[in-house]
Amino acid sequence: MRHIPDILTGLRERAPLIHCITNPISINQCANAILALGGRPIMAEHPREVEEITATAGALMLNLGNITDVRMDAMRLAARTAAARGIPILLDAVGVACSQLRRDYVCELLSDVTPTVIKGNYSEINALCCADYRASGVDADGALDTPSMDRAAAALAHRHGAVLLASGRVDVITDGTRLIHSKNGTPRLSGVTGTGCMLSVLTAAFVGANPEAPLTAACLSVSPDMDGAAAACAVLGICGQLAETERGSGSFMVALLDALSTVDGAVIERYLDREEITIEAS
């Protein structure tokens, strides 16, 4: 088992190339977040080049926000390339709770490839688990609690053979056998656009930099594919806490990037707040 500081060191030493096919709303924040932690972002999305670029990447991040036909085609091609080459894939199921198009597309992708990590907020993970569930917009449903997410995420992890990351007031990370509650963070993270997408690219960066132990990235965990997701939740949450300010949202975003670029092992060890749980067999 490895500590998060070791995972962070691995990211900064290896500087993996992270191929992100994401939405234009948060593309700048995503690229800067990867750079701040020591990775190298590339945001290519043209269908005629994504296979070539994915083939050289340390990880692939697919984000369904503000989806278009071109980006959907590019994601299919990139995902198949990554799967064929054993490159980690993170699928961020943005908006599947409010859009049948996106829900159908995720089901199509999941029938074609197996992501390393499937990520969504509480509403999105619940929508993937419950076919009849609907939400309004891309925000998380406040009526969904952490125990219900534990059950939904674990069920999806078993169904798809992937790590599930349900982001919320308490982030839930599970491979279906073990479960981590990552409790770092601040409400300010949900008050600016793009922080959920930043969590996705940071998870991809941690997994891409530490392929032998993707799960260790966040806490002390046994399942290797959970580590990157857990580390990303912890680091972004801690940096959000460090960025707290009485000034406005713009100042918070600047302070968040500053914290991501300067965070170190000692700070992580000081602020880390997480719980690891063994799921009882049913």
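Would you mind telling me which numbered condition in (1) surrounded by 17 or more Cβ atoms within 10 Å (Cβ to Cβ); (2) in contact with a His (Cβ under 8 Å, 6 or more places away or on another chain) V70 fails?
Only one criterion is unmet by V70, namely (1).
Answer yes or no: is there a residue in segment 114-133 that is surrounded by fewer than 16 Cβ atoms within 10 Å (Cβ to Cβ) and either part of a helix (DSSP H, G or I) or modelled with pLDDT of 95 or more (or both).
So far as segment 114-133 goes, yes, one or more of its residues are surrounded by fewer than 16 Cβ atoms within 10 Å (Cβ to Cβ) and either part of a helix (DSSP H, G or I) or modelled with pLDDT of 95 or more (or both).
Quick test for you: out of I67, I25, I34, pick the one residue that is closer than 14 Å to T203 by Cα and aliphatic (A, V, I, L, M).
Only one candidate qualifies: I34.
Mind checking whether some residue in segment 177-192 is under 18 Å from Q29 (Cα atoms) and aliphatic (A, V, I, L, M)?
yes
Between a residue in segment 113-136 that is more than 18 Å from G196 (Cα to Cα) and among the aromatic types (F, W, Y) and any residue that is part of a loop (DSSP other than H, G, I, E, B) and modelled with pLDDT of 90 or more, which pairs come within a Cβ distance under 9 Å, given they are 6 or more apart or on different chains?
Correct list of pairs: Y133/A97.
State which residue pairs qualify: first residue surrounded by fewer than 24 Cβ atoms within 10 Å (Cβ to Cβ) and inside segment 195-214, second residue at pLDDT below 90 in any location, beta carbons under 6 Å apart, and separation of 6 or more residues or different chains.
A213/R2; A213/P224; A213/D227
In segment 24-49, how many residues are in contact with a strand residue (DSSP E or B) (Cβ under 6 Å, 6 or more places away or on another chain), part of a loop (DSSP other than H, G, I, E, B) and touching a residue at least 60 places away in the same chain (Cβ under 8 Å)?
Looking only at that region, the number is 1.
Which residues, counting only those in segment 242-264, are farther than 18 Å from A231 by Cβ and among the β-branched types (V, I, T)?
Listed by number, the residues that qualify are T245, V254.
One residue is enough: does segment 249-267 have a residue meeting the conditions of a type in the set (D, E), over 12 Å from A33 (Cα atoms) and crowded, with 24+ Cβ neighbours inside 10 Å?
Looking for residues that are of a type in the set (D, E), over 12 Å from A33 (Cα atoms) and crowded, with 24+ Cβ neighbours inside 10 Å, one finds none in segment 249-267, hence no.
Among all residue pairs at least 6 apart or on different chains, which show Cβ distances below 8 Å where the first residue, located in segment 1-13, is small (G, A, S) and at pLDDT below 90 and the second is surrounded by 21 or more Cβ atoms within 10 Å (Cβ to Cβ) and assigned to a loop (DSSP other than H, G, I, E, B)?
Correct list of pairs: G10/N210.
From the list G58, G65, G38, pick out the single residue that is small (G, A, S) and surrounded by fewer than 20 Cβ atoms within 10 Å (Cβ to Cβ).
Only one candidate passes the filter, namely G38.
Which condition does L90 not pass, out of (1) crowded, with 23+ Cβ neighbours inside 10 Å; (2) in a helix (DSSP H, G or I), if it passes all the others?
L90 satisfies every listed condition except (2).
Do we have any residue at all in segment 129-142 that's closer than 23 Å to I18 by Cβ and aliphatic (A, V, I, L, M)?
Yes, because at least one residue in segment 129-142 is closer than 23 Å to I18 by Cβ and aliphatic (A, V, I, L, M).
The values are calculated or read from the model by the stated rules, or taken from the named source; none is laboratory data. Everything numeric in this text was worked out from a predicted model, so none of it was measured. Every residue, glycine as well, gets a Cβ built from its backbone with ideal geometry; the counts of neighbours run over all protein chains shown.
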